[in-house]
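A.B. asks: For reference, the structure I am asking about is given below.
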Amino acid sequence: MPDQLSAAPIQQTPNTLMPSTIVSKCQNSPHVRLLGYFFVTLHPQSKKLCHMDTIKIKDLTFQLSITEQQIQQRIQEIGRQIHRDFAGKDPIFLVVLNGAFMFASDLLKEVEIPCQVSFIRLSSYVGTQSTGEVKEIMGINTPLEQRHVIIVEDIVDTGVTMKNMWALLSDHKPASIHLASLLVKPKNLKVNVNVDYTGFNIGNDFIVGYGLDYDGYGRNERNIYVLKS
Ligand code: 5GP
Ligand code: MG
C-alpha cells in the first residue's frame, strides 16, 4: 500500500512562479517593483510578495536593514559552528521567548547533532524602551544540572536580560553556559556579557522583524527593519 502521508515534491513549471522567483523578479525589474509598490499600497496584506524598503507598524515607519537572505546565510554559518563545537556533548538549547522563536527555529535546523530544546520567557521592554527590569514570565522547567546549555536570544541590547539569565541559570548548576544571539548592540552594552555566537552587530536604533516586535506587531516579518528617524 502506498504511503498516503509521503509528501510529493513541489514541481516548478515555467508558468508557475514560486514566491522566491517573484521576489527576485521584483528586485530585478524596476517596472515590477513599481507595480509591486502600488499593489502593496492598495493591498497591505500582499507585502510578502516583495522586499519592502519601508514598512509601517502602528504609528512608526521602519526601513529595511537586514534582508531575509543575509539572515539565513549567517544563521547557517552559526548553526554549523555550533554543530561542530557541541558534537558529542548532548547540548540543551534554551530559547528566550518571544523574540527568539524565529531565530531558534532556523538555527536548530542547522544543528544536526542530538540535542534538546526548552523555552523561557522574560520581558524587559515596553514599546521601544527597555525598562531595565527583567520579569520572568515563564521559568525554566527542565533539569539543567551538568548539561551544556546554549541560550538562544534575539538581541543583546543593554545586556541586563542576559546578565540576569546567567545568574538564574547558574543556580541550576549546568556544565557550561553559552550564548547565541542573532543581534548585538555593542555600543549600548551596560554590563559585561559574553556572546559566543553573534549573528550581526548593529547600531543602537530600535529594530523589528524576524521575531522582534513593536508593541506585539512585526514579529512575522522575514527581514529586519530599523526605526526611521
Ligand atoms: P537588554 O536587557 O539586553 O537591554 O534587552 C534585551 C531584550 O530587549 C531583547 O531580548 C529584546 O527582546 C528587547 N530588545 C532590545 N533591543 C530591541 C530592539 O531594538 N527591538 C526590539 N523589538 N526589541 C529589543
Ligand atoms: Mg529577547
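A.B. asks: Hey, among the residues in segment 159-193 that are within 25 Å of GLN72 (Cα to Cα), out of contact with any Phe, Trp or Tyr (no Cβ under 9 Å at 6 or more places or on another chain) and not in a helix (DSSP H, G or I), which one's modelled with the lowest pLDDT?
C.D. replies: Result: GLY159.
A.B. asks: Filter segment 199-221 down to the residues that are touching a residue at least 24 places away in the same chain (Cβ under 8 Å) and part of a strand (DSSP E or B), then identify the one that is surrounded by the fewest Cβ atoms within 10 Å (Cβ to Cβ).
C.D. replies: Here the residue is TYR217.
A.B. asks: Taking segment 50-74, which residues are surrounded by 14 or more Cβ atoms within 10 Å (Cβ to Cβ), among the β-branched types (Val, Ile, Thr) and in contact with a Phe, Trp or Tyr (Cβ under 7 Å, 6 or more places away or on another chain)?
C.D. replies: ILE55, ILE57, ILE66, ILE71
Conditions (1) of a type in the set (Ser, Thr, Tyr); (2) buried (at least 22 other Cβ atoms within 10 Å of the Cβ); (3) closer than 23 Å to CYS115 by Cβ; (4) within 18 Å of the chain's Cα centre (by Cα), marked per residue:
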position	(1), (2), (3), (4)
ASP154	no, yes, yes, yes
VAL160	no, no, no, no
ALA167	no, no, no, no
ASP171	no, no, yes, no
SER176	yes, no, yes, no
LEU189	no, no, no, no
ASN192	no, no, no, no
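A.B. asks: Here is a follow-up. Pairs, please: C-beta under 8 Å, at least 6 apart or cross-chain, first residue without any contact (Cβ under 8 Å) to a residue 40 or more places away in the chain and in segment 60-89, second assigned to a helix (DSSP H, G or I)?
C.D. replies: GLN72/ASP106; GLY79/ASP106; GLY79/LEU107; GLY79/LEU108; GLY79/LYS109
A.B. asks: In segment 149-173, how many are touching an Asp or Glu at 6+ places or on another chain (Cβ under 7 Å), at negative phi and more than 12 Å from ligand 1 (Cβ to nearest atom)?
C.D. replies: Residues meeting the conditions: 1.
A.B. asks: Please work out if SER181 is more than 20 Å from the chain's Cα centre (by Cα) and among the polar types (S, T, N, Q).
C.D. replies: No.
A.B. asks: Sticking with this one: Which ones in segment 178-187 are more than 14 Å from ligand 2 (Cβ to nearest atom) and closer than 19 Å to PHE119 by Cβ?
C.D. replies: HIS178
Matching residues to (1) within 16 Å of ligand 1 (Cβ to nearest atom); (2) surrounded by fewer than 18 Cβ atoms within 10 Å (Cβ to Cβ); (3) at pLDDT below 95:
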{"residue": "GLN76", "(1), (2), (3)": "no, yes, no"}
{"residue": "ARG84", "(1), (2), (3)": "no, yes, no"}
{"residue": "PRO91", "(1), (2), (3)": "no, no, no"}
{"residue": "ALA104", "(1), (2), (3)": "yes, no, no"}
{"residue": "VAL111", "(1), (2), (3)": "no, no, no"}
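A.B. asks: Still on this structure, please answer the following. Quick one: count up the residues across segment 94-112 that are within 16 Å of ligand 2 (Cβ to nearest atom) and free of Cβ contacts under 8 Å to residues at least 60 places away in the same chain.
C.D. replies: Matching residues across segment 94-112 total 5.
A.B. asks: Give segment 133-158 a look and list any residue that's at pLDDT 90 or above and part of a loop (DSSP other than H, G, I, E, B), or say none.
C.D. replies: Matches in segment 133-158: PRO143, LEU144, GLU145, GLN146, ARG147, ASP157, THR158.
The values are calculated or read from the model by the stated rules, or taken from the named source; none is laboratory data. Here the structure is a predicted model, which means the values were calculated and not measured. Glycine also receives a Cβ, built like all others from the backbone with ideal geometry; neighbour counts cover every protein chain displayed.
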